[in-house]
Amino acid sequence: MIPVAFDALHLLLLVLALLLFVSLMRKPADVNAKPAEQPSAPVEPAATPSVLKDTTPESALQLLSLLQQDARFLDFVHEDLSSYSDADIGAAARVVHEGSKKTIAGYFTLSPIRTEEEESRLTLESGFDASQVRLTGNVVGSAPFTGTLVHRGWKATQVRLPQLAKGHDVRILAPAEVEL
């Protein structure tokens, strides 16, 4: 059981980190590769089915293990928080947040996708990279689109996960502990 103190901002940051993690695990390993040009407007589905790449769980499991090690992430997520006060949850969330931040900073270099300040107005010209910018709201017609930047986005510019020893079971995220 972890003592906890948590606020909505820290919960949001934690959820965003998880979404980033899942997004990174679905991207190609070469984060320096230039993405393919994306169409600026929705395209009708192709007549042939999409070919999906097989993924392996090793890197995802390794990151979960590192988040558990530094931030007690799995313990926090699996804890029943219903009996704790918001202040207790906030205290635990601070530990999870600080440990998660340390893990992410230690193994990833991240940068914002857009450099403008959030809440600023911007125009997306024809040919913008739709994999880097998600349009929301009343999306009608084709580029150029003018709107308000709600979130700058994140991209991984470098991944430095440690190498795993041969025979290492990545499914063991945190070994059981027995005190003698």
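The values are calculated or read from the model by the stated rules, or taken from the named source; none is laboratory data. Quick caveat, the model's predicted, so the values are computed rather than measured. All Cβ positions, even for glycine, are placed from backbone atoms using ideal geometry, and neighbour counts span all protein chains on display. These area figures cover heavy atoms from the full protein model, side chains too; ligands, DNA and RNA do not enter into them. Shrake-Rupley method; radii C 1.70, N 1.55, O 1.52, S 1.80 Å.
Laid out as a table, the results:
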quantity	calculated
Difference of contour (0.36 nm per residue) and Cα-Cα distance, Ile113 to Thr56	17.9 nm
Cα gyration tensor category, rounded, prolate or oblate, for region 107-164 with a/c compared to 1.5	prolate
In Hz, Karplus ³J(HN,Hα) per residue of region 95-104 (6.51, -1.76, 1.60; θ = phi - 60°; x = Gly, Pro)	5, 5, 4, 5, x, 5, 4, 4, 5, 4
Gain upon complete extension [Arg171, Val139; 0.36 nm per residue less C-alpha separation]	7.3 nm
Label-point gap, in nm, between Ala105 and Val159 - each point 7 angstrom along Cα→Cβ	2.2
Tensor-based shape of region 52-117 (alpha-carbon gyration tensor, a/c under 1.5 rounded, otherwise prolate or oblate)	oblate
For Lys155, distant residues with modelled amide H under 5 Å away	Ser111, Ile113
Using θ = phi - 60° and Karplus 6.51 cos²θ - 1.76 cosθ + 1.60, couplings along region 64-74 (whole Hz; Gly, Pro as x)	4, 4, 5, 5, 5, 4, 8, 10, 6, 4, 5
Other-chain or far-sequence residues with amide H under 5 Å of Phe108's (modelled H)	Arg160
Ser85 versus Thr146: modelled label distance in nm, points set 7 Å from Cα along the beta carbon direction	5.1
Residue-normalised accessible area of region 59-180, given per residue in Å² at a 1.4 Å probe	68
Relative contact order computed over region 83-147 (Cα-Cα under 8 Å; 6+ residues apart), in percent	32
